[in-house]
1. Build a GNM of the chain with springs between Cα atoms under 10 Å: which of 224, 41, 61 gets the top mean-square fluctuation?
2. Which of the three applies to region 328-392, rounded, prolate or oblate, going by the alpha-carbon gyration tensor with a ≥ b ≥ c and a/c under 1.5 meaning rounded?
3. Helix-only estimate, please: 222 nm mean residue ellipticity of the chain, summing -39500 (n - 2.57) across DSSP H runs of length 4 or more and dividing by its residues, to the nearest 500.
4. Name the shape class, rounded, prolate or oblate, that the alpha-carbon gyration tensor gives for region 15-60, where a ≥ b ≥ c are the square roots of its eigenvalues, rounded holds for a/c under 1.5, and otherwise prolate holds if a/b is larger than b/c and oblate otherwise.
5. How far is helix 35-47 tilted, in degrees, relative to the longest principal axis of the Cα atoms in the chain, given as a value from 0 to 90 rounded to the nearest 10?
6. Using Cα positions and a limit of under 16 Å, work out the aspartates and glutamates in reach of residue 343, with same-chain residues fewer than 8 apart set aside.
7. At a Cα cut-off below 26 Å, give the lysines reachable from residue 44, other chains included and same-chain residues fewer than 8 away excluded.
8. Could you state the principal axis extents of the C-alpha atoms in the chain, from the largest down, to the nearest angstrom?
Amino acid sequence: MQASYLGQAISSRVGEFIELRRDIHAHPELPFEEHRTSALVARKLGEWGYEVTCGLGGTGVVGRLKRGEGHRSLGIRADMDALPIAEEGSREWRSRHPGVMHACGHDGHTAILLAAAKYIARQADFNGTLNLIFQPAEEGAGGAVKMIADGLFERFPCDAVFALHNMPGIEAGKFVFRTGPAMASSDDVFITLEGVGGHGAMPHTCADPIVAASSIVMALQTIVARNVPPLRTAVVTVGALHAGQANNVIAPQATMALSVRALDREVRDLLKARIFELVEQQAASYRVKARVDWRDGYTVLVNTPRETALATQVALDLFGPERVVAQGEPMTASEDFAFMLEKVPGSYLQVGNGAAGSPGACMVHNPAYDFNDDLIEPASRFWFKLAENFLK
Ligand SMILES: [Zn+2]
Ligand SMILES: [Zn+2]
């Protein structure tokens, strides 16, 4: 059995990549500041015979490996950035950078792809071009967009791209796939309500933005309840509402910040239209002026059927049906790999970081989170086999 032979070869040497993951974890870097991490990635890829390109999208790195005369090309992407979170706990490899932490497991994704890179270079049998894409700034700053703008897919054409993310709450090493929309679009909306302030005892001389804001918060809830078709997905969260300081003063201004999510373009457009209409007209009805600042965030992540089927089959062959979910639930979180999937077919999958009740179940972006090193072996094996199968 080639799969188990390969599994042994990787697992016997996976200790190197557990160490490497912990080293990256101890030295987390914020979006577009991944200088140490990208230098480490570039050095390793170079040692293993990859043609290395640095500085794509700021701190992005691409390692290219060509074999044979085949024209097929495959992209596999890992993200490298950390979060502005102060790490909790006393593990040996805890962050040495105060206030910065690998709380989303991108240290693990990078280590997985490096482990795969090494064994692909040494042992993989393929015909074509493999592009390993190490991306900066996944956490909200749009590193994928910057790499694409820097000519990622012109300089490194890919017939398909794949990426994975660890997922707490799912059994460690379980592979979850999904065809179609898998992660939501995520837009930010900032609303300013300009009223007329004054004495709290004389409201009739004022235009109170707090009353308008209160009404707007409630009106916004009707978008999901009354405008979005019941079988479609949408989220409108008012995450911040600020106004006033004293009990006896009517504030002149109120501000609100919203997070708006959808799983398809139509619903995303509907949310945008309704937010403008409701905010402007509600505000006008209270004689308050509204300014709505809509900022496009990440787009909907859509996995293509053929590539998802191929990746699912690789996981089934390697790990069997009990460790594979072929059609998981979509999520309302977002992910900038979506922009790569707008350009090139491909698939984004999840690998369980640990079932509920286990240490790996602590959710990402939590100060107590840690990536589960047990994933490095199966997930790197998965990339290895995917590369071989795709570039047959
Ligand atoms: Zn994250
Ligand atoms: Zn993440």
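The values are calculated or read from the model by the stated rules, or taken from the named source; none is laboratory data. Just so we're clear, the structure is a prediction, and the values are computed from it rather than from any experiment. Every residue, glycine among them, receives a Cβ derived from its backbone with ideal geometry; neighbour counts consider all protein chains shown. In case anyone asks, the SASA skips ligands and DNA or RNA and just uses the protein heavy atoms, side chains included. Shrake-Rupley method; radii C 1.70, N 1.55, O 1.52, S 1.80 Å.
1. Per the Cα network of the chain with a 10 Å cutoff, 224 tops the list.
2. Note, shape of region 328-392 comes out oblate.
3. One gets -11000 deg cm²/dmol as the mean residue ellipticity at 222 nm.
4. oblate
5. Approximately 20 degrees, to the nearest 10.
6. 150, 154, 159, 307, 335
7. Excluding near neighbours in sequence, the set is 66, 118, 146, 385, 392.
8. Sorted from largest, the Cα extents of the chain read 81, 43, 41 Å.
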